[in-house]
Amino acid sequence: MLTKVYGSAVFGVEATTITVEVNADKGIGYHLVGLPDKAISESSYRITAALKNVGYKMPGKKLILNLSPADLRKEGSAYDLPLALGILNASGQINSDLFKDYIIMGELSLDGQLQPIKGALPIAIKAREEGYKGFILPKQNAREAAIVDGLHVYGVDNILEVIDFFHEGKELEPTIINTRDEFFQALEHPEFDFADVKGQESIKRCMEIAAAGGHNIILIGPPGAGKTMLAKRLPSILPPMTLHEALETTKIHSVAGRTQEKAGLMAQRPFRSPHHTISDVALVGGGAYPQPGEISLSHNGVLFLDELPEFKRTVLEVMRQPLEDREVTISRAKFTVTYPSSFMLVASMNPSPGGYFNDPNAPVQSSPAEMQRYLGKISGPLLDRIDIHIEVTPVPFEKLTEERLAEKSTVIRERVTAARDIQTARFSKNEKTHYNAQMTVKDIRNYCILDEESKQMLKKAMERLSLSARAYDRILKVSRTIADLEGVEQVNGTHIAEAIQYRSLDRDGWLG
């Protein structure tokens, strides 16, 4: 007897429906085909024990199990449940013709309990697209999949519940969540607030500009100046995610198995801070079966690289293309996977190996050769892709002991959101550009028109600082954002002058 059960495989952030075919015939044997990986090949042991422990058995027949399409590589243990149900139906232990209406996924424990799977959200989206009636999966993933409306999502704890549903018609309880309500309720104030930061008004101004235009930023300063503290508070002033952005972000975290059990849609922008020992693959994604890396997990959020020169140079260089294209493509011999990676890069670094620069009273002095070697770890092309460079100076004692609270993140966020709204209206007809940092050369020509005085100022800065054409574009993008924060239509000399100040690392005495 032949039975067909339907599952799904995830490639990149998209799912592909897999037909699990089980044929029971005379004889003895268990043959699993269709390019399964080691975890799927071992499923027979889990299925045998699980069925025995819930009162069923592995039939003494010749079983041929095929995962179709057979030329696609399947991975992971999430096919245990559809394989087990196919075996029971093909061997006549249960009888149902409802399998065609459902996508079924789940890993089996030896006692029949179901373990969570990866990629529940993209699977649910694909199931709805292809007209399936419902999606049966482990309860831990149910809220994540229930984000998708128009699809019945059933979270189950044990294989017995699924067997009773198909064999005896016992109802399963669907998981229902109001996506919009939950999303907007979850937009509460974040854990970190700019009100906690004493002094550093000029740096806060920089962070506000970076957030308003989505610009990459690097903070340079001695230990204890507040670089990490400022970076951690950046997400608190970013505009709230739209529902579309939240869905896109949740999909990536779902594929990586990083979603929280009780959470449905991710409402807070991600903040990722990998350690400097991270490998190239862990940062950009990859592996034998490509998984999203840190730059994709920070999509629509912030990627914070603390102590930038401590990262391996090769790791930093692989970021150059994703920073420009806002997506990362991982190619293998048989397939190519593309993950989105539109993130804000926030980097911090000490100005020298000892942490202090041009300070005669510094406890540690570094020689010019040591400084060049240290700063040389960061390439010019990478720095070119960072729009704002700013020096962070230590906070004086008087500021530290001030009782007066600084400006709250919510107040700054209102200004940032207003500037973003201007940009959204400006780029409403452009599908790929949403804020100033994403502007193309053509957009810069259209929206950053300079008067003669501003042109001369920029020309002098270019000559004096030996700026590249890319740095020229960055200055214009930042000046456009400063104008948007002021609600001004035309970029003027004041905006250009402020934007030029935010190119610290282009000045004499730093790099070169």
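The values are calculated or read from the model by the stated rules, or taken from the named source; none is laboratory data. These figures come from a predicted structure and were not determined experimentally. All Cβ positions, even for glycine, are placed from backbone atoms using ideal geometry, and neighbour counts span all protein chains on display. Side chains included, ligands, DNA and RNA excluded: accessible areas come from the protein's heavy atoms. Shrake-Rupley method; radii C 1.70, N 1.55, O 1.52, S 1.80 Å.
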> Which of (1) buried (at least 20 other Cβ atoms within 10 Å of the Cβ); (2) in contact with a helix residue (DSSP H, G or I) (Cβ under 6 Å, 6 or more places away or on another chain) does residue 86 not meet, given it meets every other one?
Replying inline: (2)
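Let's see how each residue does on (1) acidic (Asp, Glu); (2) at negative phi; (3) in a helix (DSSP H, G or I); (4) in contact with a strand residue (DSSP E or B) (Cβ under 8 Å, 6 or more places away or on another chain):
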residue	(1), (2), (3), (4)
4	no, yes, no, yes
18	no, yes, no, yes
56	no, yes, no, no
72	no, yes, no, yes
100	no, yes, yes, yes
> Can you find even one residue in the stretch 76-90 that is part of a loop (DSSP other than H, G, I, E, B), farther than 30 Å from residue 291 by Cα and either more than 28 Å from the chain's Cα centre (by Cα) or among the hydrophobic types (A, V, I, L, M, F, W, C) (or both)?
Replying inline: no
>> Return the pair list, or none, for Cβ contacts closer than 7 Å from residues in the stretch 222-238 that are under 10 Å from residue 348 (Cα atoms) and without any contact (Cβ under 8 Å) to a residue 40 or more places away in the chain to residues that are of a type outside the set (Val, Ile, Thr) and part of a helix (DSSP H, G or I), at least 6 apart or on different chains.
In response: none
> Filter the stretch 122-158 for residues that are touching a helix residue (DSSP H, G or I) at 6+ places or on another chain (Cβ under 6 Å) and part of a helix (DSSP H, G or I); which is nearest to residue 112 (Cα to Cα)?
Replying inline: 141
> Using beta carbons and a limit of 9 Å, which pairs, at least six apart or on different chains, have the first residue in the stretch 433-452 and in contact (Cβ under 8 Å) with a residue 12 or more places away in the chain and the second one hydrophobic (A, V, I, L, M, F, W, C) and open to solvent by 30 Å² or more (accessible area, probe 1.4 Å)?
Replying inline: 450/457
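How many residues does the stretch 400-432 contain that are of a type outside the set (Ser, Thr, Tyr) and either on the phi > 0 side of the Ramachandran plot or exposed (fewer than 14 other Cβ atoms within 10 Å of the Cβ) (or both)? Show your work before the answer.
Let us first name the residues in the stretch 400-432 that are of a type outside the set (Ser, Thr, Tyr), namely 400, 402-408, 411-416, 418-423, 425-427, 429-432.
Cutting the leftovers down to either on the phi > 0 side of the Ramachandran plot or exposed (fewer than 14 other Cβ atoms within 10 Å of the Cβ) (or both) gives us 400, 402-405, 411, 414, 421, 425, 429-432.
Result for the stretch 400-432: 13.
Would you mind listing the strands (runs of 3 or more DSSP E) fully within the stretch 303-355 where at least 1 residues are exposed (fewer than 15 other Cβ atoms within 10 Å of the Cβ)?
Passing ranges, in order: 327-331, 336-340.
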>> Of everything in the stretch 165-207, what is of a type in the set (Lys, Arg), modelled with pLDDT under 85 and within 27 Å of the chain's Cα centre (by Cα)? Give them in sequence order.
In response: 180
>> Residue pairs, Cβ under 6 Å, 6 or more apart or interchain, first in the stretch 311-335 and on the phi > 0 side of the Ramachandran plot, second open to solvent by 70 Å² or more (accessible area, probe 1.4 Å). List them.
In response: none
> Using beta carbons and a limit of 9 Å, which pairs, at least six apart or on different chains, have the first residue in the stretch 379-391 and under 19 Å from residue 317 (Cβ atoms) and free of Cβ contacts under 8 Å to residues at least 24 places away in the same chain and the second one among the hydrophobic types (A, V, I, L, M, F, W, C) and open to solvent by 10 Å² or more (accessible area, probe 1.4 Å)?
Replying inline: none
> Given (1) of a type outside the set (Phe, Trp, Tyr); (2) modelled with pLDDT of 95 or more; (3) open to solvent by less than 50 Å² (accessible area, probe 1.4 Å); (4) at positive phi, where does residue 159 come up short, assuming only one miss?
Replying inline: (4)
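Table: residues versus (1) closer than 30 Å to residue 309 by Cα; (2) not hydrophobic (A, V, I, L, M, F, W, C).
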{"position": "379", "(1), (2)": "yes, yes"}
{"position": "384", "(1), (2)": "yes, yes"}
{"position": "396", "(1), (2)": "yes, yes"}
{"position": "408", "(1), (2)": "no, yes"}
{"position": "414", "(1), (2)": "no, yes"}
{"position": "422", "(1), (2)": "no, no"}
> Would it be correct to say that residue 66 is more than 20 Å from residue 117 (Cβ to Cβ) and open to solvent by 70 Å² or more (accessible area, probe 1.4 Å)?
Replying inline: no
> Does the stretch 285-302 hold any residues that are in a loop (DSSP other than H, G, I, E, B), out of contact with any Asp or Glu (no Cβ under 8 Å at 6 or more places or on another chain) and not polar (S, T, N, Q), and which are they?
Replying inline: 287, 288, 290, 293, 301
>> Can you pull out every residue in the stretch 265-322 that is out of contact with any Ser or Thr (no Cβ under 9 Å at 6 or more places or on another chain) and aromatic (Phe, Trp, Tyr)?
In response: 289
>> Out of the residues in the stretch 25-35 meeting the condition of being open to solvent by less than 60 Å² (accessible area, probe 1.4 Å) and at pLDDT below 95, tell me which one is farthest from the chain's Cα centre (by Cα).
In response: 27
>> Filter the stretch 28-64 down to the residues that are within 18 Å of residue 18 (Cα to Cα) and in contact with a Ser or Thr (Cβ under 9 Å, 6 or more places away or on another chain) and list them by number.
In response: 32, 34, 36, 39, 40, 43
> Is the stretch 456-472 home to any residue that is closer than 23 Å to residue 194 by Cβ, among the small types (Gly, Ala, Ser) and crowded, with 18+ Cβ neighbours inside 10 Å?
Replying inline: no
